[in-house]
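Single-structure report; data block below.
The values are calculated or read from the model by the stated rules, or taken from the named source; none is laboratory data. Quick caveat: nothing in here was measured; it's all calculated off a predicted structure. For neighbour counting, all protein chains shown are included, and Cβ atoms are generated from backbone atoms with ideal geometry for every residue, glycine included. Please note that ligands, DNA and RNA were not included when accessible areas were found on the heavy atoms of the full protein model with its side chains. Shrake-Rupley method; radii C 1.70, N 1.55, O 1.52, S 1.80 Å.
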Amino acid sequence: MIVTCRKMRELEERAFASGATAETLMNEAGRQIAEAVQQFFPTPGACSVAVGKGHNGGDALVAARHLAESGWTLSLHEVFPRDTLAPLTARKLEELVALASFGLRVEGSNDVAPKVILDGLLGIGANVSGGLREPIRNATAEINRQRRETGANVFALDIPTGLDGDTGAAAPDTVEADITLAIGFAKQGLVADGAIDFVGRLAVLPLPELTEAAGKDAGKTVVTTPTTLKARLPRRRFSTHKGDCGRVGIIAGSRGLTGAAVMSANAAVRAGAGLVSLFVTPDAYPVIATAVMPEVMTTAVESYRDVLDRSFDALAIGPGLGPNARHQDAEDLLAVIAGFPGPMVVDADALNLLAASSGNLETLDRCAGPRLLTPHPGEMLRLFPEAKALSRQETACQFLARFAKNRLPLTLLLKGSRTLVAHAAGENLHIAYNTTGSPGMATGGMGDVLTGTCAALAGQGLPLADAAHLGAWVCGRAAEIAVFHGWQSQESLCATDLLEFFGGAFNELHGPAPVY
């Protein structure tokens, strides 16, 4: 659920009315903040804690205590005199100072890596519409300076200080977080298009008392969390065989664009497809057949329509097909998009083909099965020129409304720094924001890996919307594992690296430990 600041305060009041206390919520929030920090940085290091006077500062102090108990070295930066702190925050400061034996540093800094900064200066209750006042603004500027000059990773607690929780508008010197840990629920401003560079990676820390207060009012716009995804990824029975895991077909690749086909097919294998068949043009076959994993069955086809004569549980189409397909190839591709009766992932050059004319786009009105479209922003603009003047959420809503008359489910995965998955079945529209990912994913081939991943999940029986949610999360989490665990940097990460860390991402969803 995504909430306004007012709604969040209402939920807190409901929780208090049901017996929860502010200290109970603070202790739970602080514990989960520490767990989240250690998910991204498993090896203890140095943590700088910026503490404001309100309960946001108290959350930071509780988290700092847990980190200290786990071996982290702390540097505490108090922005206000201690006698001005909220009573509960002051109590948490006293508890933390009493733990000096764990290596607490009340002032100064150290060089133990990795270094993390906790932004516990202001919460959603602060009014930042008139800008940040001193000494807060000086503190946020210092956090940004340390991030810029020392490589510190900033965790914003609930919201980056200086960001409006409802609109996402940023005051001067707003904290630029690498990761924002939203407590209880994501706030509306955190998913605003203009807030992305201040929010960074978004994680939601579920608090049971607040979840109970919200009841079943999840709303139609949500943030995808590991908690919701776990239920969509059932464990395999011991008797499972390859036929149970899906026969997945992929139409991809062309001469000079062979890598896209290879990455899509290999990703489908790594994402659990039972059998992967890759269909390519005869001139590209010699290169692709020798480049894909040996588990992939590669076939040269004279006509893409031949694929319709075969039986698949899911089909993917588009990566690397090339922008200059022959007229007959284009007609065949459109026939496959319309005629395949099962779930299909439509990406890349198949999307560009649909966008080539209004007549081509009408193909989506007569598809024989559910479709998942996975455009990046440029492809979305070609499909739907109106998107230029719209937000990402508005784009998804209006595009899917255009095809509401088609009673078959249509899902849109709009790629980007905050990937958005919108699903329409008839007039019911649901939107979810993905949370995982890294700036290191800003390189070619990531979309090809995503296409193969979603096709594999659909082939295993997941509805396309669930396949989109899981596919986006797994690809983003694999990138995070590669970077945060030191295997790659944001600069060195490439699309094929993700496949090496799929296992870790899937295992996190299957495991008992909390994942954020």
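At a probe radius of 1.4 angstrom, the accessible area of the range 25-96 per residue rounds to 32 square angstrom. Computed on the chain, with alpha-carbon pairs under 8 angstrom and 6+ residues apart, the relative contact order is 12 percent. Solvent-accessible surface of the range 244-388, averaged per residue with a 1.4 angstrom probe and all protein chains in place: 39 square angstrom. Counting only protein heavy atoms and a 1.4 Å probe, the range 106-198 has 40 square angstrom of accessible area per residue. When you count the other C-beta atoms within 10 angstrom of each residue and take the mean per peptide, 487-497, 205-215 line up highest first as 205-215, 487-497.
Rolled with a 1.4 Å probe across the full set of protein chains, the surface gives Glu95 an accessible area near 60 Å².
Whole-Hz Karplus values for the range 379-393 come out as 5, 5, 5, 5, 5, 9, x, 4, 4, 4, 9, 10, 6, 4, 5 Hz, taken residue by residue from phi with 6.51 cos²θ - 1.76 cosθ + 1.60 and θ = phi - 60°; glycine and proline positions read x. Residue ranges 134-141, 367-374, 145-152, 116-123 sort as 116-123, 367-374, 134-141, 145-152 when ordered by packing (mean number of other C-beta atoms within 10 Å per residue, highest first). Going by a ≥ b ≥ c, the root eigenvalues of the Cα gyration tensor, does the range 194-257 fall in the rounded group (a/c under 1.5), the prolate group (a/b larger than b/c) or the oblate group? Oblate is the answer for the range 194-257, as a/c is 1.5 or above yet b/c matches or exceeds a/b. Surface listing: Ile196, Ile179 arranged by accessible area from highest to lowest gives Ile196, Ile179, probe 1.4 Å. Rounded, prolate or oblate: pick one for the range 1-90, where a ≥ b ≥ c are the square roots of the eigenvalues of its C-alpha gyration tensor, a/c under 1.5 means rounded, and failing that, prolate if a/b is larger than b/c, else oblate. Oblate.
Classified by the C-alpha gyration tensor, the range 296-335 has a prolate form. Its axis ratio a/c, with a ≥ b ≥ c, is 1.5 or above, and a/b is larger than b/c. Considering only the Cα atoms of the range 415-460, their convex hull presents on average a projected area of 4.1 nm².
Restriction of the trypsin sites (Lys or Arg not before Pro) in the range 390-439 to DSSP coil positions whose beta-carbon has at most 15 other beta-carbons within 10 angstrom yields Lys405, Arg407. Calculated mean residue ellipticity, 222 nm, the chain: -11500 deg cm²/dmol, from DSSP H runs (n ≥ 4) at -39500 (n - 2.57) each, averaged per residue and rounded to 500. Here the range 20-73 and the range 258-284 have alpha carbon centers that stand 44 Å from each other.
Estimated translational diffusion coefficient (Stokes-Einstein, Kirkwood radius over Cα pairs, 37 °C, 0.692 mPa s) of the chain: 137 µm² per second. Here the range 223-346 has 52 percent of its accessible surface on carbon and sulfur atoms, given a 1.4 Å probe and all protein chains in place.
Just the protein heavy atoms count here, and of the accessible area of the range 370-485 at 1.4 Å, carbon and sulfur take up 56 percent.
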